[in-house]
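Below you'll find the structure, written out as structure tokens, and then a few comments.
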Amino acid sequence: MDMAYDRKLDLVLMSPKAKPPVTRIMDYGKFKYDQEKKEKENRKKQKNAQLKETRFSLNIEDNDLQTKANQSKKFLNNGDKVKVSIRFRGRELGRKEPGYELMDKFKTMLGDSYKVTKKPKMEGRSLVMFLEPNDEKGE
């Protein structure tokens with residue numbers, strides 16, 4: 001304690017449960033400031049992926065589907081996840097195969113800029129599929 005007082009620094013208890021307890025002589029205010037700065041920097045570097053949704057019906061035209069695919073590509077390129085859903089109405093629920101074919105067509109329009117995290121599956125009156133961007137940095 002006398003050494004810390006002479007240097008005008010703080011005596012900080014680093015691990016109190018150790019035998020003997022470990023202490024350190026340092027400027028505690030500067031230490032806390034550096035820690036907060038590191039935490040702030042780490043929060044900046046974090047990537048917050050949002051979930052975006054693309055919805056269309058079974059009777060969508062090719063040009064409209066291409067527009068939806070282009071919008072989904074933008075979402076994927078920004079690092080967001082995309083939920084693709086096809087809404088079925090009335091008698092359309094009787095035949096779901098055209099919906100699966102439309103999902104396959106949509107996947108081919110997107111190209112290789114994504115990976116399917118959840119394959120197409122019926123959820124209520126909608127056929128739903130989840131996509132997320134490929135991690136090209138890790139490859």
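Please find, among G79, G99, the residue that is out of contact with any Ser or Thr (no Cβ under 8 Å at 6 or more places or on another chain) and either outside any helix (DSSP H, G or I) or more than 18 Å from K121 (Cα to Cα) (or both). Break it down stepwise before answering.
Working: G99 fails: either outside any helix (DSSP H, G or I) or more than 18 Å from K121 (Cα to Cα) (or both).
Answer to the selection: G79.
When the residues of the stretch 9-58 are filtered to those that are outside any strand (DSSP E or B) and within 30 Å of V84 (Cβ to Cβ), which remaining residue is least open to solvent (accessible area, probe 1.4 Å)?
Taking the stretch 9-58 first, the residues outside any strand (DSSP E or B) are 9, 16-21, 27-50, 58.
Adding the requirement that they be within 30 Å of V84 (Cβ to Cβ) leaves 45-50, 58.
Working: K45: 150, Q46: 120, K47: 151, N48: 127, A49: 58, Q50: 106, L58: 33 Å².
Once the filter is applied, the top-ranked residue is L58.
Identify all residues within the stretch 74-114 that are exposed (fewer than 13 other Cβ atoms within 10 Å of the Cβ), farther than 16 Å from T54 by Cα and touching a strand residue (DSSP E or B) at 6+ places or on another chain (Cβ under 8 Å); write none if there are none.
Hit for the stretch 74-114 is R89, nothing else.
Just to check your reading of the model, which residue among D27, D64 is out of contact with any Leu (no Cβ under 8 Å at 6 or more places or on another chain) and at pLDDT 90 or above? If you could, list the steps in order and put the result at the bottom.
Numbers: D27 fails: out of contact with any Leu (no Cβ under 8 Å at 6 or more places or on another chain).
So the residue among D27, D64 that is out of contact with any Leu (no Cβ under 8 Å at 6 or more places or on another chain) and at pLDDT 90 or above is D64.
Only one of (1) of a type outside the set (K, R); (2) surrounded by 13 or more Cβ atoms within 10 Å (Cβ to Cβ); (3) at pLDDT below 90 fails for D135. Which number is that?
Only one criterion in (1) of a type outside the set (K, R); (2) surrounded by 13 or more Cβ atoms within 10 Å (Cβ to Cβ); (3) at pLDDT below 90 is unmet by D135, namely (2).
Can you tell me which residue among I86, I60 is assigned by the TED database to the domain that holds P120 and touching a helix residue (DSSP H, G or I) at 6+ places or on another chain (Cβ under 6 Å)? Don't jump to the end; show me each part of the working.
On the way: I60 fails: touching a helix residue (DSSP H, G or I) at 6+ places or on another chain (Cβ under 6 Å).
Sole residue among the options that is assigned by the TED database to the domain that holds P120 and touching a helix residue (DSSP H, G or I) at 6+ places or on another chain (Cβ under 6 Å): I86.
Under 30 Å from M103 (Cβ atoms) and either within 34 Å of the chain's Cα centre (by Cα) or among the hydrophobic types (A, V, I, L, M, F, W, C) (or both): does that describe K52?
Numbers: under 30 Å from M103 (Cβ atoms): yes; either within 34 Å of the chain's Cα centre (by Cα) or among the hydrophobic types (A, V, I, L, M, F, W, C) (or both): yes.
Answer is yes for this residue.
The values are calculated or read from the model by the stated rules, or taken from the named source; none is laboratory data. Everything numeric in this text was worked out from a predicted model, so none of it was measured. Cβ sites come from the backbone with ideal geometry, for glycine too, and all protein chains shown count toward neighbours. Side chains included, ligands, DNA and RNA excluded: accessible areas come from the protein's heavy atoms. Shrake-Rupley method; radii C 1.70, N 1.55, O 1.52, S 1.80 Å.
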